[in-house]
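Heads up, the thing below is written out as structure tokens.
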Amino acid sequence: MSVMHDIEQHGVEQAQQQLIALLDEVARLAEQEIDATRFFTLFTERAATTLGALAAGVWLADGRGAARLVAQFERPGADVAALFSTAENERLIQQQLAAPHPQMIGPGGGLPGTTLKNNTHHLLMLVPIRVQERVAGVLEIYQRFHPDAQTQAGYLACARRFCEFAAVFLLAARVRALEAKLALWNQWADLHQSIHGSLRSQKVSAAIANEGRLLLDCDRVSVAIQRRGKLRIAAVSGKQSIDHRSPVMEHLTELATAVISQKEAYWYTGFSEHTPPQIEAPLNEYLDESHAKIVGVLPLALPGKQESDEERSLIGALLVECLSSRPIEQLQETARMAQSEAELALANALRHEGLFLFPLWNKITQSKLLVSAKNWPRTKLVAACVGLAILALTVIPWRFEIHANGTLQPKRRHDVFATADGTVDRVLVKHGQQVEQGQLLAALRNTDLEVAITDLNGQQAATLAQLAAVERTLSSEGKRLESEQRMRLSGQRNELLEQLDSQRSQLTLLEQKREQLSIVSPLAGKVVTWDVHELLDQRPVHRGQILLTVADTTGDWELELQVPENRLGHLTEAQRRQGEALPVVYRLATDPGHDHAGTIQEVELAAEIHGDAGNTVQVRVKIDRAALDNLRPGADCRAKIRCGEHSLGYVLLYDAWVFFDSRVLFRF
């Protein structure tokens, strides 16, 4: 009898040790920083094992009065897991969330005060998980029914102990979540203070990049700013300076430009199947350089109310990069919040920098040299001098002149064109040679034309021979031939005559083309083209191509000036106001020490692009040939067209005003 007692006592002690070990294990789990799903999975398994239950599950409140099943465990062969998802069971859990005390419902029993029942043959225990006097969840256990009240009380005590551990875990998780939120809000506060602490776009961009990288917990954040329709990387996290010519920066700029043209954020997370085609090429080029696993490009627009994305005024882009894979949802949410802050700060900085003469006013207000009390009399004197200078620039009249470059040319001159395709066979003149009108200047050679003429002559000879044979036959044997043969030969003779006429016409045209191979002078004058023989000899040319120029150097000469198009308005206004030809003063490069006078003779209507000068209008100036020595065609000259008088300030600052008007006030 004592032996059996010792054996039973030993089993109870072993069970107690196992129970204590399981409780200690759950207590250690509750103190660890692990995922809630993993904790409650282990938790339900340990609870069911400790209580010897058929199944166990944990429900957590979602904050809106509902509950969701986060973990469940079922013993093999129990076949009760489906009970957790029934509508009756979910209503029981909803009632228990509002009740502070645990409930034990026997088979077929009901929940007090409700019509809800336990429609199973098992004992159902609903034990609340209380965190700071609030029910945060419910531990649901299906246990084999035992009628003994003391046994049921033991089950309940053990389950409540497990719920205490769950409450410890939930409280610790809540504390960690609050600490994470506090750290996040501290980071947001640092970001807000940094990016709104300056009104200089460069400093704001650097703050967004550096503080944004810490907030987003990514590898790199870049900020691009758009000015006058062109995007440029302004700041990269962790970098003091940026090499915009490096391949990485060039490809990053191209990618950002392609994305913001769509006015929608784009995220690359390792797959590019759904990437728009206009983004795919720059994206692949950038990924080859950066090896990033996640890339996000978020357009930055001016804050305000826009009815649609198409109406948003873009000011830049926020670029986020990660070199390793990670969950994307939280990153995207945080990036959207950072995007809003960046838009506000960057828009304020750009508006501030866009104020009229902002750099000048900024320097003046920061300069103690001008506004200090000791220097105030001197400042007033300087201000008075500046005022007098402005008054003088406004009221003093001054001669307004338009400057232009041009060349000296004979008035009668002609370009000699190639009248047919061919190769220059002979050049019969040289530079400076006097020629007469109609004089042969060069001869062209066209091998294809000679072959065609020779071939046509052969065809004509063959046709003549055939025609002679037919006519001999008709004349000698005409009476002996039958009527049918005579008609056939007559028809053949007529056909040969038509063929001969066609060949003669073709030969005439080819001879005319051969005559066009001779290039003659259109007027009497001098050949002004330099080194004609080296330029043309044995050179293939096409019809209409300029070969050389002949000019009448004994007649009148003129200046051909290229006047910038933006000066044409002053020129025409001066002509209208004065009612006569405007005077011109010019100086030749061949005679640099003397000024000569002329008058405007003609202004062309069309503007043309003329080298580095851009759009220009050609103006012809009549000059006095007798006042010039050593005339050389094409000599460079600089001229001043006198257009009346304007204020001194207008004359001195006209170029600056044109630049400001075209680039600032009326910029496209």
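The values are calculated or read from the model by the stated rules, or taken from the named source; none is laboratory data. In this text, all values refer to a predicted model and were calculated from it rather than measured experimentally. All Cβ positions, even for glycine, are placed from backbone atoms using ideal geometry, and neighbour counts span all protein chains on display. Note: areas computed on protein heavy atoms with side chains; ligands, DNA, RNA excluded. Shrake-Rupley method; radii C 1.70, N 1.55, O 1.52, S 1.80 Å.
Give the residues of region 130-144 that are over 59 Å from the mean Cα position of the chain (by Cα) and surrounded by 14 or more Cβ atoms within 10 Å (Cβ to Cβ), sorted by residue number.
Result: 141, 142, 143.
When you look at residue 348, is it surrounded by 15 or more Cβ atoms within 10 Å (Cβ to Cβ), modelled with pLDDT under 85 and part of a helix (DSSP H, G or I), yes or no?
So residue 348 does not fit the description; no.
Testing residue 237 on (1) surrounded by 14 or more Cβ atoms within 10 Å (Cβ to Cβ); (2) over 16 Å from residue 222 (Cα atoms); (3) not aromatic (Phe, Trp, Tyr), one condition comes back false. Which one is that?
Condition (2) is where residue 237 drops out.
Please specify each residue of region 134-167 satisfying the condition of being part of a helix (DSSP H, G or I) and without any contact (Cβ under 8 Å) to a residue 24 or more places away in the chain.
Passing the criteria: 149, 150, 151, 153, 154, 157, 164.
Can you tell me which residue within region 351-373, out of those that are modelled with pLDDT of 65 or more and outside any helix (DSSP H, G or I), is nearest to residue 644 (Cα to Cα)?
Among them, the one singled out is 356.
Any residue at all in region 476-495 that's closer than 30 Å to residue 549 by Cα and either crowded, with 16+ Cβ neighbours inside 10 Å or of a type in the set (Asp, Glu) (or both)?
No, region 476-495 contains no residue that is closer than 30 Å to residue 549 by Cα and either crowded, with 16+ Cβ neighbours inside 10 Å or of a type in the set (Asp, Glu) (or both).
Could you tell me how many of the residues in region 412-438 are assigned to a loop (DSSP other than H, G, I, E, B) and among the polar types (S, T, N, Q)?
3
Starting from residues that are in contact with a Pro (Cβ under 9 Å, 6 or more places away or on another chain) and in a loop (DSSP other than H, G, I, E, B), keep the ones in region 88-107 and report whichever is most open to solvent (accessible area, probe 1.4 Å).
101
Pick out the one residue from 48, 71, 82 that is part of a strand (DSSP E or B), among the small types (Gly, Ala, Ser) and either out of contact with any His (no Cβ under 7 Å at 6 or more places or on another chain) or farther than 15 Å from residue 125 by Cα (or both).
71
When residues of region 604-651 are filtered for being in contact (Cβ under 8 Å) with a residue 24 or more places away in the chain, open to solvent by 40 Å² or more (accessible area, probe 1.4 Å) and in a strand (DSSP E or B), how many remain?
10
Tell me, yes or no, whether region 450-466 has at least one residue that is small (Gly, Ala, Ser) and under 30 Å from residue 542 (Cα atoms).
Yes, there is a match, as at least one residue in region 450-466 is small (Gly, Ala, Ser) and under 30 Å from residue 542 (Cα atoms).
Would you be able to say whether some residue in region 149-170 is surrounded by 11 or more Cβ atoms within 10 Å (Cβ to Cβ) and of a type in the set (Asp, Glu)?
yes
Just to be sure before I move on: is residue 177 free of Cβ contacts under 8 Å to residues at least 12 places away in the same chain, out of contact with any strand residue (DSSP E or B) (no Cβ under 7 Å at 6 or more places or on another chain) and not charged (D, E, K, R) in the structure I sent?
yes
With the structure loaded, tell me whether residue 516 is touching a residue at least 12 places away in the same chain (Cβ under 8 Å) and over 17 Å from residue 422 (Cα atoms) or whether it fails that test.
Criteria not met by residue 516.
With the structure loaded, tell me whether residue 56 is within 25 Å of residue 174 (Cβ to Cβ), in contact (Cβ under 8 Å) with a residue 60 or more places away in the chain and open to solvent by less than 50 Å² (accessible area, probe 1.4 Å) or whether it fails that test.
Spelling it out, residue 56 is indeed within 25 Å of residue 174 (Cβ to Cβ), in contact (Cβ under 8 Å) with a residue 60 or more places away in the chain and open to solvent by less than 50 Å² (accessible area, probe 1.4 Å).
Which of the residues spanning region 439-467 are outside any strand (DSSP E or B), at pLDDT 85 or above, open to solvent by less than 40 Å² (accessible area, probe 1.4 Å) and under 30 Å from residue 550 (Cα atoms)?
If the condition is that a residue be outside any strand (DSSP E or B), at pLDDT 85 or above, open to solvent by less than 40 Å² (accessible area, probe 1.4 Å) and under 30 Å from residue 550 (Cα atoms), then 446 is the only one that fits.
From the set of residues in region 20-43 that are in contact (Cβ under 8 Å) with a residue 40 or more places away in the chain and closer than 18 Å to residue 74 by Cβ, which is surrounded by the most Cβ atoms within 10 Å (Cβ to Cβ)?
The selected residue is 40.
Considering (1) loosely packed, with under 13 Cβ neighbours inside 10 Å; (2) modelled with pLDDT of 70 or more, say which one residue 14 fails and leave the rest.
For residue 14, the exception is condition (2).
Report the residue count in region 182-213 for those that are touching a strand residue (DSSP E or B) at 6+ places or on another chain (Cβ under 9 Å), open to solvent by 70 Å² or more (accessible area, probe 1.4 Å) and either β-branched (Val, Ile, Thr) or farther than 19 Å from residue 355 by Cβ (or both).
1
Taking residue 432, is it open to solvent by less than 80 Å² (accessible area, probe 1.4 Å) and either in contact with a helix residue (DSSP H, G or I) (Cβ under 9 Å, 6 or more places away or on another chain) or closer than 30 Å to residue 549 by Cβ (or both)?
It is true that residue 432 is open to solvent by less than 80 Å² (accessible area, probe 1.4 Å) and either in contact with a helix residue (DSSP H, G or I) (Cβ under 9 Å, 6 or more places away or on another chain) or closer than 30 Å to residue 549 by Cβ (or both).
Within region 546-558, which residues are in contact (Cβ under 8 Å) with a residue 40 or more places away in the chain and surrounded by 12 or more Cβ atoms within 10 Å (Cβ to Cβ)?
Within region 546-558, 547, 548, 549, 550, 551, 552, 553, 555, 556, 557, 558 qualify.
Would you mind stating whether residue 71 is open to solvent by less than 40 Å² (accessible area, probe 1.4 Å), over 17 Å from residue 135 (Cα atoms), over 59 Å from the mean Cα position of the chain (by Cα) and not β-branched (Val, Ile, Thr)?
No: the conditions fail for residue 71.
Quick one: what pairs do we get from region 63-81, first residue under 11 Å from residue 142 (Cβ atoms), second hydroxyl-bearing (Ser, Thr, Tyr), C-beta under 8 Å, 6+ apart or different chains?
Taking only residues 6 or more apart or on different chains, the pairs are 72/44; 73/41; 73/44; 78/142; 80/120; 80/142.
Can you confirm whether residue 389 is within 21 Å of residue 653 (Cβ to Cβ), at pLDDT below 90 and open to solvent by 40 Å² or more (accessible area, probe 1.4 Å)?
yes
Yes or no: region 500-521 includes at least one residue that is small (Gly, Ala, Ser), in contact with a strand residue (DSSP E or B) (Cβ under 9 Å, 6 or more places away or on another chain), assigned to a strand (DSSP E or B) and open to solvent by less than 40 Å² (accessible area, probe 1.4 Å).
No: region 500-521 contains no residue that is small (Gly, Ala, Ser), in contact with a strand residue (DSSP E or B) (Cβ under 9 Å, 6 or more places away or on another chain), assigned to a strand (DSSP E or B) and open to solvent by less than 40 Å² (accessible area, probe 1.4 Å).
Could you list, in sequence order, the residues of region 559-597 that are outside any helix (DSSP H, G or I) and open to solvent by less than 10 Å² (accessible area, probe 1.4 Å)?
559, 561, 563, 582, 584, 586, 588
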